[in-house]
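Taking it in order: structure first as structure tokens, then the write-up.
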Amino acid sequence: MSLVQLEWIRAWRDPVMRIILLLFALATGFSVLSGARWAAERQALVTQAVAEGDEIMALRRAEFAALLAKGEKPKFGLVYATALPFRAGLPNAPLAVLSAGQAESFPAAASISPFIDPYTIFDAHAAGLESPIVLAAGRFDLAFVIVLLLPLLLIAATYDFWSGDVESGSARFQLAQPVWPVGLILARAGVRGGGLLAAMTAIAVTALLAAGARDVASLALFALVTSGYGTFWIVLAILINLFVRASTTAALAMGTAWLAVTILIPAMSAAAAHLVAAPPSAMAYTNAVRGAGLEVRAANAGAARAAATAASGRAYPAALWHSRREIQQRDARLRQMHEAYSRGWSAHRTLADRLRFLSPAVLTQDALDRIAGTDATRALAFQVQARAFAGEMRLLAFDWMDEDRLLTLADYDSGLPRFTFVEPSRAEPLTRDVTALLLITFLLLTMAALRLRGGPAKLL
């Protein structure tokens, strides 16, 4: 019987292995159900928000047609392009059920109107976002299970796979046999840890399939990241088992490593990012924007009163022409504030993005968020694209004003211009995450190989 077959029988006769798989299956099932519920609710909110523009137009069209049937002139809100209600929404990615990620920190929809400041189009959809305390704790989604629970279960199965034998004395008997020491260590760790990791990865992929995930590329990336992260912990167990001689010491070492990798280093990295490149104050920014807007309005108060009673001699009233000039002044005044606030957050995110390489757990969470489409990069790309769409719709309304063009029933029937989200590329950041994770694992494996070069004496 080969060494691998012997280790396989030895490992899977251990009831602990079956208990670990059962616990992982239960946690995975619950997390996928929770993630599916969250993804469905979020998609429903986005769909509802986007459909709101069409609902408003349908009601206006009905009123427009009723007034025309009576021979009455339609109200100004029914014929002026400046009142058009546009909407933009961020759709769920194919594997959104995997992780809530950072998505709950950003609005997933925008309410757009030609005269609204493009930086305030998300405000109406920010009220339902989770509190920072909930976001810091994290949701019990599948990414949480992979990042925090999977390594704990692997540790439970592998923490003393060799040190326990050294402590009991059976290691000397095993090394006295005609076996290759390196092969013995790798077989023990590979069968016990690798077999468990493969089973847990298969369970997780099966759960995602059961939840409706059908994107093969995303599922393959998920399996790759999960396997790479689990391999890191197996290699770490090998390294620790090569240096310690007691099960208790091995357990303490692995537990400390888990605490450092998953909790302490991420927390210290976040604290460092806040100290070195602190994000700008949202309250100060909001108050400054509000104050500047009020100043612009106050400076134009006299002109607004005069425009309210003045005749423009054109299809659009003087009040709308005044409003157009005022919002252009307001946006020019606020542009520097918006850009400074964005630069402050960009510097903070850039530093935090670099610090993620200090922890395999943060790398894995970042990779899973990108696979799920719930990362900050995708949410920020939506904001940039929605603001660009708002700018295009403003130019459209202004062109109609310049042409003295009013809305007709044909315009209502043709529908509103649609926002289409263009997915940002995730290949480069995912490649960096996976490459960094593999490099850290390779470094640990190199240290283990150097230890094994000392021969059997170093293993006892």
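The values are calculated or read from the model by the stated rules, or taken from the named source; none is laboratory data. Here the structure is a predicted model, which is why all the values come from computation and not from measurement. Note that we place each Cβ from the backbone using ideal geometry, even for glycine, and neighbour counts take in every protein chain shown. Calculation scope for accessible area: heavy atoms of the full protein, side chains included, ligands and nucleic acids excluded. Shrake-Rupley method; radii C 1.70, N 1.55, O 1.52, S 1.80 Å.
In the range 50-101, of all residues being assigned to a helix (DSSP H, G or I) and aromatic (F, W, Y), the one that is surrounded by the most Cβ atoms within 10 Å (Cβ to Cβ) corresponds to F64.
Test S111 against the stated conditions and say whether it is open to solvent by 20 Å² or more (accessible area, probe 1.4 Å), at negative phi and in contact with a strand residue (DSSP E or B) (Cβ under 8 Å, 6 or more places away or on another chain). Against the criterion (open to solvent by 20 Å² or more (accessible area, probe 1.4 Å), at negative phi and in contact with a strand residue (DSSP E or B) (Cβ under 8 Å, 6 or more places away or on another chain)), S111 qualifies. Tell me the residue from L68, L33, L26 that is over 22 Å from the mean Cα position of the chain (by Cα) and at pLDDT 90 or above, please. Within the list L68, L33, L26, the selection yields L26. Being of a type in the set (A, V, I, L, M), in contact with a Ser or Thr (Cβ under 7 Å, 6 or more places away or on another chain) and more than 22 Å from R394 (Cβ to Cβ) is a property that A65 lacks.
Taking the conditions exactly as written (of a type in the set (K, R), under 39 Å from the mean Cα position of the chain (by Cα) and more than 23 Å from M283 (Cα to Cα)), does R314 satisfy them or not?
Values: of a type in the set (K, R): yes; under 39 Å from the mean Cα position of the chain (by Cα): no; more than 23 Å from M283 (Cα to Cα): yes.
No.
Residues of the range 269-298 that are hydrophobic (A, V, I, L, M, F, W, C), surrounded by 13 or more Cβ atoms within 10 Å (Cβ to Cβ) and without any contact (Cβ under 8 Å) to a residue 40 or more places away in the chain: V296 alone.
Let's see how each residue does on (1) under 28 Å from G29 (Cβ atoms); (2) within 25 Å of the chain's Cα centre (by Cα):
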site: R188; (1), (2): no, no
site: V191; (1), (2): yes, no
site: A204; (1), (2): yes, yes
site: L208; (1), (2): yes, yes
site: L221; (1), (2): yes, yes
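Contact map, the range 78-99: residues that are closer than 14 Å to W38 by Cα paired with residues that are in a loop (DSSP other than H, G, I, E, B) and hydrophobic (A, V, I, L, M, F, W, C), Cβ distance under 6 Å, separation 6+ or inter-chain. Pairs shown: L95/A213; V97/A211. Could you tell me whether the range 11-20 includes any residue that is closer than 17 Å to E104 by Cα, out of contact with any strand residue (DSSP E or B) (no Cβ under 9 Å at 6 or more places or on another chain), open to solvent by 70 Å² or more (accessible area, probe 1.4 Å) and part of a helix (DSSP H, G or I)? No, the range 11-20 contains no residue that is closer than 17 Å to E104 by Cα, out of contact with any strand residue (DSSP E or B) (no Cβ under 9 Å at 6 or more places or on another chain), open to solvent by 70 Å² or more (accessible area, probe 1.4 Å) and part of a helix (DSSP H, G or I). The single condition from (1) farther than 28 Å from L90 by Cβ; (2) surrounded by 15 or more Cβ atoms within 10 Å (Cβ to Cβ) that D411 fails is (1). Only a single criterion out of (1) in contact (Cβ under 8 Å) with a residue 60 or more places away in the chain; (2) at negative phi is not satisfied by G212, namely (2). In the range 351-374, the qualifying residues are those that are charged (D, E, K, R) and at pLDDT below 95, and the one that is farthest from A278 (Cα to Cα) is R356. Residue pairs whose Cβ atoms lie under 7 Å apart, sitting 6 or more positions apart in sequence or on different chains, and linking a residue in the range 26-42 that is farther than 15 Å from L368 by Cα to a partner that is basic (K, R) and surrounded by fewer than 21 Cβ atoms within 10 Å (Cβ to Cβ), are S34/R139; W38/R139.
Among the candidates S359, S346, single out the residue that is open to solvent by less than 10 Å² (accessible area, probe 1.4 Å) and not basic (K, R). First the steps, then the outcome.
Numbers: S346 fails: open to solvent by less than 10 Å² (accessible area, probe 1.4 Å).
Going through S359, S346 in turn, just one is open to solvent by less than 10 Å² (accessible area, probe 1.4 Å) and not basic (K, R): S359.
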